[in-house]
Amino acid sequence: MRILFIMLSLLSIYLTPVSAQANWELSLNVDGHELKKYNEALDIQLNIRVTSSPNADIYVAIKSPDGQLFFLKAGNLFAAPELLANAAPYVSNVTPVAEQSGSVLLLANLPRNLPSGLYQVYALATEVGANVFNSETWLSSLVYDSFYFINNDNNLPIPPQITGVVNEQGQRVFDLTLQKGKKTFLPDTQTDTFGINGDYLGPTIRLSRGDRALFKINNQVGEETTIHWHGLHIPAKMDGGPHQVIEPGSTWQPFFEIKQLAATLWYHSHLEGKTAEHVYKGLAGLFIVDDAESDQLALPRNYGVDDIPVVVQDRRIAANGNMNSTLTNMVDRVGLRGQYMLINGALTPTLETRAQVIRLRLLNGSNARIYNFGFADNRNFYQIASGGGLLQAPVAINRLRLSPGERAEILLDLRQDSGKFLRLQSYSAEITPTTIETANMRDPLDMQTFDLMSIRVGEVGNNGLDIPSQLVTIETLRAEDAVLTRPFVLKQGMGGNGGMGGGMGNGGAGNMEGMFTINDKSMDMLRIDETIRLGDTEIWAISNEANMAHPFHIHDIQFQILDRNGQAPSAGEAGWKDTVLVLPNETVRVITRFEDFADPDSPYMYHCHILEHEDAGMMGQFVVIP
Ligand SMILES: [Cu+2]
C-alpha cells in the first residue's frame with residue numbers, strides 16, 4: 001500500500017479544499033507494480049472507512065500524462081464506471097458503512113492507444129451535492145496513487161550469445177550469415193532490414209583472451225559489404241575494413257587470436273561509402289572479450305540475467321515501417337538521426353530484472369546521435385569500463401555521454417528497488433549546446449530528455465554482489481615515451497559536390513561527399529595517409545575546427561586520453577578507448593603503442609564514427625611497417 005498524502009500542490013489548480021472534516025477516510029491503491037505495460041491489467045482499489053455520518057459524494061479522478069482530468073462515474077460503489085471529462089461524483093449520496101473496499105476501475109488489458117507516461121489517481125469524499133472544484137465541505141482528505149504506463153509490451157530482447165565450435169586446430173569457429181530480413185519495429189508494420197543469423201543485428205560473440213577464432217562470414221544480402229571488428233587488436237588483413245570486401249554469395253574467413261583485455265567491443269559493416277546504410281539496416285553486433293583478471297572480479301557476469309547487453313540505436317521510421325536513410329536537410333549534416341529509439345532492436349523496451357546489482361554493457365550503435373545517459377530518478381550509477389577495458393575503480397556518476405561507436409559498462413544497484421521501475425533516458429539538452437553549436441543543425445530530440453528503455457525491478461535477486469571498490473590496474477602510457485605527435489585536424493567545408501554549393505543546394509544535406517575532412521583530405525582508398533613503425537608509441541593530437549562534435553576512431557589499437565584542451569580526462573575516460581568524442585574547438589591528445597602487427601600492404605582506418613561523415617570521406621588510412 002502506498003503512503004497516502006494530501007496533494008495540495010498538484011491538485012490545487014483543480015480543487016480548493018477548505019476544511020477536511022475527516023469523518024470519511026479513503027485510501028487508494030493501484031494494484032501491482034508501479035509500471036504497467038500495454039496488455040497488462042489495471043486494478044484501482046478504493047478503501048472507505050467512516051467514523052460518523054453524514055452521507056457523502058465520493059469522487060475518483062484520473063489525471064493522464066497530458067494533463068487531462070477524467071472522472072469515474074458509476075451507479076454503485078465498485079461497479080464498472082464510465083470515464084467523464086467533466087467533474088462528476090464516482091457515486092453520489094453514499095451511506096456510511098464502517099468499512100468497505102473494492103475495485104473502482106478494473107481493466108483486464110490496458111490498451112495501446114493511451115499515451116505513455118504517469119497516470120495519477122485521486123479520491124475524495126465531499127458533502128452530498130457539493131461542487132468538488134470549490135467545495136468548503138470536504139469530508140475526507142484528498143488521497144492519491146499513481147502508475148506509469150508504457151504503450152508497448154516490448155521486453156528487452158537479449159541477442160543470443162555464441163562462443164563458437166572448437167575445430168581440430170583448436171580454433172573457435174563461428175558461422176555468420178549476413179542476410180536480408182523483415183522486422184516489426186512499429187506496431188502492425190514491417191521494415192526491410194539486414195541481420196546476422198537473424199532479421200536485425202547479430203549474435204553476441206564471446207571469446208577470451210588467448211582464444212583463437214575463425215569466422216565463416218557468408219554474404220547473403222545481395223550486395224557487397226564487409227564485417228569490421230571494432231576495437232579488436234588484430235592484423236589489418238583480418239580487420240574487415242573497406243579493403244576486405246565480401247562479394248555477394250561469397251564467404252570471407254578471417255582468423256585471429258584474441259590479444260587484448262576484457263572489454264565490450266562490437267562488429268559492424270564497414271563498406272567504403274555504404275557503412276551508414278548497412279549498419280542502419282542492421283549489420284552490427286556485440287563482441288565481448290573476457291580475460292583471467294576480469295573473471296576473478298565480483299561483477300555480474302550472467303549474460304542476459306544480470307549482465308545485460310544494451311545496443312542503443314535511433315531510427316527514422318515512416319508510418320508504413322519504411323526505414324529511409326536518405327539525407328535531406330541541414331539537420332542531416334550531423335548525420336542520420338531518427339525519432340524512434342531501438343534497444344537491441346526493440347522500440348523503447350522494458351528490461352525485467354531482479355533487485356540486485358546488475359551490469360549494463362552500453363553500446364552507442366547509432367549512426368550519428370550522441371546520448372547523455374541518465375535515469376529519470378537522477379540516481380547514481382557506476383561506470384566500470386570504457387570501450388577498451390575495465391577502469392581502475394567504479395566511477396559514481398549520474399550522466400554518461402557516449403558518442404557513436406563508444407561503449408561503456410555500468411553497474412546499477414537495484415538492491416533496494418524491488419517493485420520500482422527505472423527509466424533510462426538521454427538528457428540530450430544538457431550536452432547539445434557543446435556538441436552541435438549551430439542551432440539549425442539540431443533535431444527535435446537534441447534539446448530534450450527522452451526515454452530509451454525502462455527497467456522493471458521484481459523480487460530480490462540472489463547474485464549477492466555489491467559495488468566493488470577496486471577493479472584492475474591499468475598500465476599508464478607516458479607522453480615522454482612517444483616518438484612523435486601526429487596532428488589530425490577535423491574540418492567542415494562546403495564540400496566538393498555537396499553542401500551549399502552543390503548537391504541539394506539550399507542548405508540541404510544532399511551529397512555530403514568531401515564536406516568533412518581530416519587534415520584537409522578526403523578518404524582515398526589508394527592513398528596511405530600515415531606510416532607508423534611497429535613498436536612505436538605515438539601521440540595523436542586530434543583537433544576539431546568544425547562546429548559540431550566528431551567521434552574519432554582508430555582501428556587496431558586501444559589508446560589512452562592524455563588530455564582534452566590540456567585538461568586531464570574524467571575518471572570515466574581514464575582507461576582504454578578506441579573512439580573519442582572531440583568537441584568543437586577542442587584538441588584531444590591520445591597516446592597509443594602500435595604492437596604485434598605490421599603489414600605495409602594492408603592499411604588500417606582512422607575515421608569519424610558518425611557513419612555518414614565516414615562515408616562522405618572523413619576517414620584516412622595508416623599502415624604499420626616493420
Ligand atoms: Cu564526423
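What follows is calculated from the coordinates using simple rules that are stated; it is not laboratory data. Predicted, not measured: the structure shown is a model, and the values here were computed from it. Virtual Cβ from ideal backbone geometry, glycine too; neighbours counted across all protein chains shown.
Over the Cα atoms of region 158-237, what Rg and Dmax result, in angstrom?
According to the Cα coordinates of region 158-237, Rg and Dmax are 14.8, 48 Å.
Return a whole-number percent for the relative contact order of the chain, with Cα pairs under 8 Å and 6 or more residues apart as the contact set.
Contact order relative to length: 11 percent.
For region 183-259 and region 572-626, what is the separation of their C-alpha centers, rounded to whole Å?
Value for the Cα centre distance between the two parts: 20 Å.
Between their Cα atoms, which of 281/577; 216/237; 73/420 are more than 23 Å away from each other? It would help to have the intermediate numbers written out before the result.
Numbers: 281/577 26 Å; 216/237 15 Å; 73/420 30 Å.
The pairs that break the limit, which is 23 Å between Cα atoms, are 281/577; 73/420.
Would you calculate the separation in nanometres between label points at residue 420 and residue 377, each defined as 7 Å from the Cα along the Cα-to-beta-carbon direction?
Taking the two extended label points, one gets 0.2 nm.
Label-point separation (nm) for residue 447 and residue 165, each offset 7 Å from Cα along Cα-to-Cβ?
In this crude label model, residue 447 to residue 165 measures out at 5.6 nm.
What fraction of the Cα pairs in region 8-150, stated in percent, has a spacing above 20 angstrom?
Tail of the P(r) past 20 Å holds 43 percent of the pairs.
How far is the Cα center of region 304-366 from the Cα center of region 451-465, in Å?
Here the two parts' Cα centres lie 20 Å apart.
Which three numbers, in whole Å and largest first, are the semi-axes of the equivalent ellipsoid of region 479-625 derived from its Cα gyration tensor as √(5λ)?
27, 19, 11
Which percent of Cα-Cα pairs in region 60-115 sits in each 10 Å bin, short to long?
21, 48, 25, 5
Given a Förster distance of 30 Å, report the FRET efficiency between residue 237 and residue 208 from their Cβ-Cβ distance, rounded to the nearest 0.05.
The pair residue 237/residue 208 has a calculated efficiency of 0.85.
Please work out how much length the chain gains when fully extended from residue 155 to residue 43, using 0.36 nm per residue of separation minus the C-alpha to C-alpha distance, in nm with one decimal.
Stretched fully, the residue 155-residue 43 segment lengthens by 38.1 nm.
Over all distinct Cα pairs, what is the inverse of the mean 1/r for the chain, reported as the Kirkwood hydrodynamic radius in Å?
26.7
Which whole-number percent gives the relative contact order of region 479-625, counting Cα pairs below 8 Å spaced six or more residues apart?
Relative contact order, region 479-625: 30 percent.
Sort 145-157, 286-298, 258-270 by packing, meaning the average of other beta carbons within 10 Å per residue, with the highest value first.
258-270, 145-157, 286-298
Take each of the peptides 451-463, 348-360, average the number of other beta-carbon atoms within 10 Å over its residues, and list them starting from the highest.
348-360, 451-463
For 604, 38, what ranking results if the residue with the fewest other Cβ atoms within 10 Å of its Cβ goes first?
Fewest-to-most Cβ neighbours within 10 Å comes out as 38, 604.
Helix-derived [θ] at 222 nm for the chain: sum -39500 (n - 2.57) over DSSP H runs of at least 4, divide by residue count, nearest 500? Walk me through the intermediate numbers first.
On the way: 5 runs with 24 residues, N = 626.
-500 deg cm²/dmol, from helical runs alone.
Please enumerate, by chain and number, the aspartates and glutamates with C-alpha under 13 Å from the C-alpha of residue 182, excluding those fewer than 8 residues away in the same chain.
192, 199
Rounded to the nearest 0.05, what FRET efficiency is calculated for residue 298 and residue 340 with R0 set to 30 Å and r the Cβ-Cβ distance?
So, using R0 = 30 Å, E works out to roughly 0.20.
Between residue 547 and residue 34, what length in nm is gained on full extension when 0.36 nm per residue of separation is reduced by their alpha carbon distance?
180.4 nm
Please arrange 221, 483, 173 by how many other C-beta atoms lie within 10 Å of their C-beta, fewest to most.
Fewest-to-most ranking of 221, 483, 173: 483, 173, 221.
Taking neighbour Cβ counts within 10 Å as the exposure measure, how do 224, 168 sort from fewest upward?
Ranked by crowding around the Cβ, least crowded first: 168, 224.
Using R₀ = 60 Å, calculate the FRET efficiency as 1/(1 + (r/R₀)^6) where r is the Cβ-Cβ separation of residue 489 and residue 87; round to 0.05.
Result of the calculation: an efficiency of 0.40.
What's the percent breakdown of Cα-Cα distances in region 138-187 across 10 Å bins, shortest bin first?
13, 23, 20, 16, 12, 8, 6, 3, 0
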